[in-house]
Amino acid sequence: MTHASLLRQITDYANRANPYPLYEELRKTPVLREEEGGPYVISSYWDIENLLHDPRISSDENNVTAAGDDELSGPEATGLPPSFIRLDPPEHDRLRRIANSSFGPPHRPHRIESMRPELEHIVTGLIDGFGDARQVDVVDQFAYPFPVTVICRLLGVPREDEPRFRSWVDPIVAGLDPDSRTSAESKKTAQEARLQLGMYLNGLVEQRAREPREDMLSDLVNSQGPDGSLTTMEVLSTAVLLLIAGHETTVNLITNGMLTLLRHPDHLRRLREDPGLSVKIVEELLRYEPPVQLVPQRTCITDIEVRGVTIPKGSRIWLVLAAGNRDPERFKDPDRFDPDREDIQHLGFGSGIHSCFGAPLARLEAQIALAELARRLENPRLVEDPPPYRPNAVLRGPRHLNITFESLR
């Protein structure tokens, strides 16, 4: 293995099922640049943590000045203004504060926790939907529909419109995979879905402006705090961010979680006997198998030095969160899945001003989903290991997870 080939191996689908040996190799060169014009790749825990908090690191695509092609970076393909995760302060801070005021503390401190009964009801319904089948695809029949339904309820999409909503989400999410971006048909389908979704959400926005309800979309539309209000386009951009970012990552967190538990049957049995263990299990999963493997959309706005290497202004930077999460300089025995690990300050949700906006909801969804799957599936087993993975190297997770089981509790 040579350094010149390392990034290509990491993005190569052939290594998607187990990229961790490559990350181990990557950490031997904490600041790696593969070729002229390529990104600077950061892989150690402390360096990633520091850069996530460094104001000299930008999330704005307009700050990229270095020549060269970067297959994993690029503008958001939504047809809307950039969401706040693609902006820098002060505009990032303004938009995020407004969005957060309708999502959690201090203005809506109980919004997420109050959804627990509804989340449990959705999970129960999906598992009941397995019926008499003794083999299911955890992705298509459970982990994929669950977060879409949750986002619909959170935003305030009417129940009768949820099937239409999902029909638009499917091609948009599919278009996130790098291999799909090269397909003209896939691009056209995703573009049409984005247009229809945007028109639909715009109709809801106009309705909520006239008749506010107890949902997040109403809060976004009618925000009147010290940071002012959101424009219609900013409301739509934030809603689409919640939909896409919150959906794909949660699917992967649940699916990676179930796969990991099936590979560690002792912990699966413990979870069945003690559902409260789901809190520790999800935190360790976020370290051990994070749904977001790396963050490629970062740029330095001035020359910076990392480990004696000067990264020039305008250069792209990749922060490989999954490599940092298994850095032996930070975590003892990092390649072992250990829900009882006491030191669990992982990078699974990032850190700093861009730490995952939907983390409280994602945690709760994964905790409820995994605890209930463990409780209700009698003797679950993997049909194939490793399962087939999604092509995406950034949002890594199985495309299918077929399992068999003896009965439903």
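The values are calculated or read from the model by the stated rules, or taken from the named source; none is laboratory data. Computed from a predicted model, the values in this text were never measured in an experiment. Cβ sites come from the backbone with ideal geometry, for glycine too, and all protein chains shown count toward neighbours. Each accessible area value is taken on the protein alone, full model and side chains, heavy atoms only, with ligands, DNA and RNA left out. Shrake-Rupley method; radii C 1.70, N 1.55, O 1.52, S 1.80 Å.
Overview of values
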{"read-out": "Rel. contact order, % - alpha carbon contacts under 8 angstrom, at least six apart, the chain", "value": "26 percent"}
{"read-out": "Anchor Lys28: aspartates and glutamates whose Cα lies under 14 Å away (excluding residues fewer than 8 positions away in-chain)", "value": "Asp47, Asp327, Glu329"}
{"read-out": "Residue-normalised accessible area of the range 262-409, given per residue in Å² at a 1.4 Å probe", "value": "39 Å²"}
{"read-out": "For Trp318, residues with placed amide H under 5 Å, excluding near neighbours", "value": "Tyr40, Val41, Ile42"}
{"read-out": "Helix runs (DSSP H) in the chain reaching 24 Å along axis by Cα, Kyte-Doolittle at least -1.0", "value": "184-210, 232-263, 359-376"}
{"read-out": "Magnitude of the charge dipole, the chain, Cβ model with Lys/Arg +1 and Asp/Glu -1, debye to 20", "value": "280 debye"}
{"read-out": "Extended-chain gain in nm, criterion 0.36 nm per residue less alpha-carbon gap, Arg159 and Arg336", "value": "59.5 nm"}
{"read-out": "Qualifying GluC sites (Glu not before Pro) in the range 185-280, DSSP loop, other Cβ atoms within 10 Å at most 11", "value": "Glu214"}
{"read-out": "Computed [θ] at 222 nm, deg cm²/dmol, the chain (DSSP H ≥ 4; -39,500 (n - 2.57); rounded to nearest 500)", "value": "-14000 deg cm²/dmol"}
{"read-out": "Full-extension gain in nm, Ser229 to Glu305, via 0.36 nm per residue minus C-alpha separation", "value": "23.5 nm"}
{"read-out": "Whole-percent carbon and sulfur share, accessible surface of the range 191-301, 1.4 Å", "value": "52 percent"}
{"read-out": "Efficiency of FRET from Cβ geometry, Arg97 and Gln196, R₀ 22 Å, rounded to 0.05", "value": "0.15"}
{"read-out": "Cα centroid separation - the range 5-69 against the range 80-121, whole Å", "value": "28 Å"}
{"read-out": "Charge dipole magnitude, Cβ of K and R +1, D and E -1 - the range 218-321, Cα centre, debye nearest 20", "value": "400 debye"}
{"read-out": "Förster radius 30 Å - calculated FRET efficiency between Ala14 and Ala133 (Cβ-Cβ, nearest 0.05)", "value": "0.40"}
{"read-out": "If the convex hull is drawn through the Cα atoms of the range 266-347, its volume per residue in Å³", "value": "102 Å³"}
{"read-out": "Listed candidates (1) 27, 52, 18, 3, 0; (2) 26, 52, 21, 1; (3) 26, 60, 14, 0 - label of the one calculated as P(r) over Cα pairs in 20 Å bins from 0, in percent", "value": "(3)"}
{"read-out": "Rough spin-label spacing in nm, given labels placed 7 Å along Cα→Cβ, for Glu214 and Ser114", "value": "0.5 nm"}
{"read-out": "Cβ-Cβ FRET estimate between Glu36 and Ser186, R0 fixed at 25 Å, reported to 0.05", "value": "0.20"}
{"read-out": "Distance (nanometres) between label positions extended 7 Å along Cα→Cβ at Lys313 and Asp54", "value": "1.6 nm"}
